[in-house]
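Undergrad: Here it is, the structure, as structure tokens.
The values are calculated or read from the model by the stated rules, or taken from the named source; none is laboratory data. Computed from a predicted structure; not experimentally measured. Every residue, glycine as well, gets a Cβ built from its backbone with ideal geometry; the counts of neighbours run over all protein chains shown. When the accessible area is computed, the model is the full protein with side chains, heavy atoms only, and any ligands, DNA or RNA have been set aside. Shrake-Rupley method; radii C 1.70, N 1.55, O 1.52, S 1.80 Å.
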Amino acid sequence: MDDGDGPTRAADGGPRRLTGSRRLPLRTVLLIVVFVPSLTFTPLLASGMFQLSSQWRAEKVQMDLATDTVGRPAAELFFSLDRERRLTAEVQADPGSTARDELAEQRADTDRAVSAFRPLTALDVTKGQEGLGDAIARTENVLGRLAEQRRAVDTGSSSAEKAFAYYSEALESDLGVLTALSNTDEGQVNNKAQTLVDLYWVVDMIGREDAVLARGWATGRLTRDEYGLVADAIGTRKHLMQSRVIPSLTGNETQYRELTAGKAWETMTALEGRLIASGSSTGGNQVTLRDDSAAWRSSVDAVTAQLRKLLGLRFDNVSRIGYDHADMLFTVFISVTTVGLLALGLVFFTSWRLTAILRRRILHLRQEAQELRERLPKVVARLERGEDVDVDAEVHRVEPTPDELGELGQALNMASRSAVLTAVRQAEQHRGFQRMLQRIARRTQILIGLQLKKLDELERRHEDPEVLEGLFDLDHLTARLRRYEENLVILGGGQPQRRWRKPVHLLDVLRAAQGEVQDYRRISIDVEGEPWIAERAVGPLVHVLAELMENATTFSKPQTPVEVRAAPVSRGVAVEIEDRGLGMEPEEYAAANELLKSPPQLDVMTHADDVRLGLYVVARLSAALGLQVELRSSVFGGTRVIVLIPQSLVVERPRTAPGPAAPPEEAPQGATGPRPHPREGTVDPRPPRKDGQLPTRSRGRAMASVTASAGSPDRDDAPPSSDRRPLPQRVRQASLAAELRVPADGDERTDQESWAVRDEPRRSGAMIGAFQRQSRKRRAGDDASQSRPSRSPEPSSPTTEERR
């Protein structure tokens, strides 16, 4: 039973495909095996490569911003604003001092620094440090008020406190930019950069202290607010230096750990200590200062110079660390990319190679299976032709391997050998059965031949009409039985042995075929012209036409006629057999015509129940002779069979062939007396019927006419003697009185009545006796010259069997 998942064959005879549940082809499965690991590994590799690439690009951009693009302009701006803040405070404290010229020069330096910083506002810092853009914007906003602040200072409209507050705000915004630059994605760079920012704050604290004291040195006192600013700046600077800057110095920066122990630093801190002490001991709103401006200026300048060197060194170190880390990321990115791509290629190549090997082995097994499928029918065809087949030579052995595919190949070897061996055994059994079938059929044919010979002797011996009628019926049944035995021979792979040495008239061939049909009385024959059939085609053609006529009478109503018409055509002679049965469906006609065009190798044992065995016989004989047989639908509703006899089987009328019988002598018009009996040795020939039918008593002896026109089979006919009298022919109503005769137009009754009424033997005994006597005399003369009677050849002797 088919569960819906079994294999089916394609309509074009191609490889089988599985139906039912959907299955992926082998190629797709192997491609999945190749690409799934690769596609799984590829996103992971791409993700890692993308992260490394993004991190490298981000750090590279951040380091470029921190060192060159933003860091240097911001640093230059910081130092310029810090110095301008101090000089502005000095000028505001003493307008007539020489500091005004220095302030003008410093303003020019600050303007150059501002000009270098302002383009940063249009810079795309989306990939830079977080908060950098906001810091730059705040700084630019503060710098926008720089010119206004300067004018206020120059005109004296701005107090020292406002000027100090503005410059401090500008420096804080610039420190915000530097602080943002220190927030990179690399932790080590952030740590180092934080110390750098602390150093900038230390410089800013010293600058604040220096700007406030610049006014105090000029006036000799400080207000409590100014004193508070100086004290806060001193405290913040000490905290940054002692807690964050000095401990973080490493490498070549350690030389500055002694910065606080230097003379300039000690001088500065000593002056700051004296200031703090003076402010603590003095009450009131003001703090009096000693004139230590010269010492302060020299020490502060020296300390600021040292801090700027430390800043430069730290800046270089931070830049080197940042770029080294970025380069390391790039190296890692290149390495990971290279290794990943190589690994991906290795995975892909390995998977592809393994799947290719697997697919090649599987395709090799598939090719072996397909070759077996193609080779097995050829082996069967060779066996059908009778050739010997070596099983070992026909089986292509697949070399086994110690794995699952090897086991499959071994199973395929066993299946191949079993299939070929089974085909050989079945062919041997089939050939043996065919030989047995032919042997049995041949032996039966011998018995049939003996029976026909015995019937012939009885027909010669008896003259009683009733006995002759029974003998003729037995002769007819025996002729049909002979055809059925020939069917067995043909289905068993043999050929019928009835052969003729001379051409035969087509009308005699049709009458012979009609005589082998059970319901022959329903068949009417009409032949146009005088076509003759070659001697080699007479026997098979009679058999083919008899099968088709019997098929027409069997599958139509008993009272309906079967018309047989023959006429020459451009490519030979066409014989049409038309019945008035039920016909067939178009599909059945197509199947039958396909069978007739390409007769298959019939296994009798497997087709024993097939009702179309006659079609198999017709197809075999037609293929051997080159006949074209086609079944069509008839206009009467039945079936019309067209048999095209090729021109190669149609010959000219032989010169030794007997001429047509002389026309009968008709009685004079108006004669009322009975027709006189013919004299012994002479019989008035009976006028031939228009439909070509045989007389009733001669139906079973139809092949005698074929033999008479073509000569005995397998023997050359002696030319007919001119002095011999022709065989007597029976004439309808010749023995009846005039009163009992049927009018001449009685023959022109309807076809339906002529088919329905069976001609009964109503001839007189004298007429039958005369006919028999003349027949015996003629046969006796033929026997003297030819040594055998003029009868259809039968395989009735071993000699005939041996000639096969």
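Undergrad: Please enumerate the residues belonging to the range 126-142 that are in contact with a helix residue (DSSP H, G or I) (Cβ under 6 Å, 6 or more places away or on another chain) and of a type in the set (A, V, I, L, M). Before the answer, list the steps.
TA: Taking the range 126-142 as the starting set, the residues that turn out to be in contact with a helix residue (DSSP H, G or I) (Cβ under 6 Å, 6 or more places away or on another chain) are 127-129, 131-132, 135-136, 138-140, 142.
Passing the criteria: 132, 135, 136, 142.
Undergrad: Between 269, 260, which is within 24 Å of residue 178 (Cβ to Cβ) and surrounded by 13 or more Cβ atoms within 10 Å (Cβ to Cβ)? Full working, then the answer.
TA: Working: 269 fails: within 24 Å of residue 178 (Cβ to Cβ).
Answer to the selection: 260.
Undergrad: Among the helices (runs of 4 or more DSSP H) contained in the range 146-251, which hold 2 or more residues that are touching a Leu at 6+ places or on another chain (Cβ under 7 Å) and either open to solvent by 20 Å² or more (accessible area, probe 1.4 Å) or closer than 26 Å to residue 289 by Cα (or both)?
TA: Values: elements: 146-155, 160-181, 187-219, 224-240.
Ranges flagged: 187-219.
Undergrad: Oh, and also: Scan the range 420-445 residue by residue and report those that are buried (at least 18 other Cβ atoms within 10 Å of the Cβ) and aliphatic (A, V, I, L, M).
TA: 420, 423, 424, 427, 437, 441 - these are the residues of the range 420-445 that are buried (at least 18 other Cβ atoms within 10 Å of the Cβ) and aliphatic (A, V, I, L, M).
Undergrad: Pick from 67, 8: which is at pLDDT below 85 and touching a Lys or Arg at 6+ places or on another chain (Cβ under 9 Å)?
TA: Working: 67 fails: touching a Lys or Arg at 6+ places or on another chain (Cβ under 9 Å).
Residue meeting the stated conditions: 8.
Undergrad: Another question, then. Quickly run through the range 113-122 and pick out the residues that are of a type in the set (A, V, I, L, M) and open to solvent by less than 60 Å² (accessible area, probe 1.4 Å).
TA: Hits for the range 113-122 are 113, 114, 116, 120.
Undergrad: Quick one: which of 529, 493 is at pLDDT below 85 and at positive phi?
TA: 493 is the lone residue from the list that is at pLDDT below 85 and at positive phi.
Undergrad: Can I ask one more? Within the range 437-464, can you find the residues that are under 13 Å from residue 490 (Cα atoms) and of a type in the set (A, V, I, L, M, F, W, C)?
TA: 437, 440, 441
Undergrad: Are any residues in the range 252-282 outside any helix (DSSP H, G or I) and without any contact (Cβ under 8 Å) to a residue 40 or more places away in the chain, and if so, which ones? Don't jump to the end; show me each part of the working.
TA: Filtering the range 252-282 for residues outside any helix (DSSP H, G or I) gives 262, 282.
282 - this is the single residue of the range 252-282 that is outside any helix (DSSP H, G or I) and without any contact (Cβ under 8 Å) to a residue 40 or more places away in the chain.
Undergrad: A follow-up question, please. For residues that are among the hydroxyl-bearing types (Ser, Thr, Tyr) and free of Cβ contacts under 8 Å to residues at least 60 places away in the same chain, scanning just the range 49-74, find the one that is farthest from residue 325 (Cα to Cα).
TA: We begin by selecting, within the range 49-74, every residue among the hydroxyl-bearing types (Ser, Thr, Tyr); these are 53-54, 67, 69.
When the remaining residues are screened for being free of Cβ contacts under 8 Å to residues at least 60 places away in the same chain, the result is 54, 69.
On the way: 54: 14, 69: 19 Å.
This residue is 69.
Undergrad: Would you check if there is a residue in the range 476-484 being within 54 Å of the chain's Cα centre (by Cα) and within 30 Å of residue 430 (Cα to Cα)? Walk me through it before giving the result.
TA: First, the residues of the range 476-484 that are within 54 Å of the chain's Cα centre (by Cα): 483-484.
Filter once more, so that each one left must be within 30 Å of residue 430 (Cα to Cα): 483-484.
The answer is yes; a qualifying residue exists.
Undergrad: Further question: Starting from the range 374-394, take each residue that is open to solvent by less than 30 Å² (accessible area, probe 1.4 Å) and list its partners that are acidic (Asp, Glu) and modelled with pLDDT under 75, counting only C-beta distances under 7 angstrom and pairs at least six apart or across chains.
TA: Cβ pairs passing all conditions: 379/394.
Undergrad: What are the residues in the range 122-141 that are of a type in the set (S, T, N, Q) and within 27 Å of residue 86 (Cα to Cα), if any?
TA: Residues of the range 122-141 that are of a type in the set (S, T, N, Q), as a first pass: 126, 129, 139, 141.
The answer is 139, 141.
Undergrad: Taking residue 108 as the residue in question, decide whether it is assigned to a helix (DSSP H, G or I), over 20 Å from residue 63 (Cα atoms) and of a type in the set (A, V, I, L, M).
TA: Working: assigned to a helix (DSSP H, G or I): yes; over 20 Å from residue 63 (Cα atoms): yes; of a type in the set (A, V, I, L, M): yes.
The answer is yes for residue 108.
Undergrad: Only one residue in 550, 535 is of a type in the set (Asp, Glu), out of contact with any Ser or Thr (no Cβ under 7 Å at 6 or more places or on another chain), more than 19 Å from residue 634 (Cα to Cα) and in contact (Cβ under 8 Å) with a residue 12 or more places away in the chain, so which one is that? Step through it out loud before you land on a result.
TA: Values: 550 fails: more than 19 Å from residue 634 (Cα to Cα).
Checking each option against the conditions leaves just 535.
Undergrad: Still on this model: For the range 385-395, indicate whether the set of residues that are part of a loop (DSSP other than H, G, I, E, B) and under 30 Å from residue 217 (Cβ atoms) is non-empty. Steps first, please.
TA: First, pick out the residues of the range 385-395 that are part of a loop (DSSP other than H, G, I, E, B): 385-390, 395.
Subsequent filtering for residues that are under 30 Å from residue 217 (Cβ atoms) retains none.
There is no residue in the range 385-395 that is part of a loop (DSSP other than H, G, I, E, B) and under 30 Å from residue 217 (Cβ atoms).
Yes or no, residue by residue, for (1) modelled with pLDDT of 90 or more; (2) farther than 14 Å from residue 514 by Cα:
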{"residue": "537", "(1), (2)": "yes, yes"}
{"residue": "561", "(1), (2)": "yes, no"}
{"residue": "589", "(1), (2)": "yes, yes"}
{"residue": "598", "(1), (2)": "no, yes"}
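Undergrad: Checking the structure you have, find out if any residue of the range 399-409 is surrounded by 13 or more Cβ atoms within 10 Å (Cβ to Cβ), modelled with pLDDT under 75 and closer than 18 Å to residue 494 by Cα.
TA: Checking the range 399-409: not a single residue is surrounded by 13 or more Cβ atoms within 10 Å (Cβ to Cβ), modelled with pLDDT under 75 and closer than 18 Å to residue 494 by Cα.
Undergrad: Follow-up question, since we're still on this one. Does the range 283-295 include one or more residues that are without any contact (Cβ under 8 Å) to a residue 24 or more places away in the chain, open to solvent by less than 30 Å² (accessible area, probe 1.4 Å) and among the small types (Gly, Ala, Ser)?
TA: No.
Undergrad: How many of the residues in the range 53-90 are of a type in the set (Val, Ile, Thr) and open to solvent by 10 Å² or more (accessible area, probe 1.4 Å)?
TA: Here is the first cut: in the range 53-90, the ones of a type in the set (Val, Ile, Thr) are 61, 67, 69-70, 88.
Checking which are open to solvent by 10 Å² or more (accessible area, probe 1.4 Å) leaves us with 61, 69.
Residues that pass the stated criteria total 2.
Undergrad: Quick test for you: out of 331, 337, pick the one residue that is among the hydroxyl-bearing types (Ser, Thr, Tyr), surrounded by 13 or more Cβ atoms within 10 Å (Cβ to Cβ) and modelled with pLDDT of 80 or more. Steps first, answer last, please.
TA: Numbers: 331 fails: surrounded by 13 or more Cβ atoms within 10 Å (Cβ to Cβ).
On inspection, the qualifying residue turns out to be 337.
Undergrad: Condition first: under 22 Å from residue 228 (Cα atoms) and among the hydrophobic types (A, V, I, L, M, F, W, C). Now tell me which residues in the range 238-287 satisfy that.
TA: 240, 241, 265, 268, 270, 271, 275, 276, 277, 287
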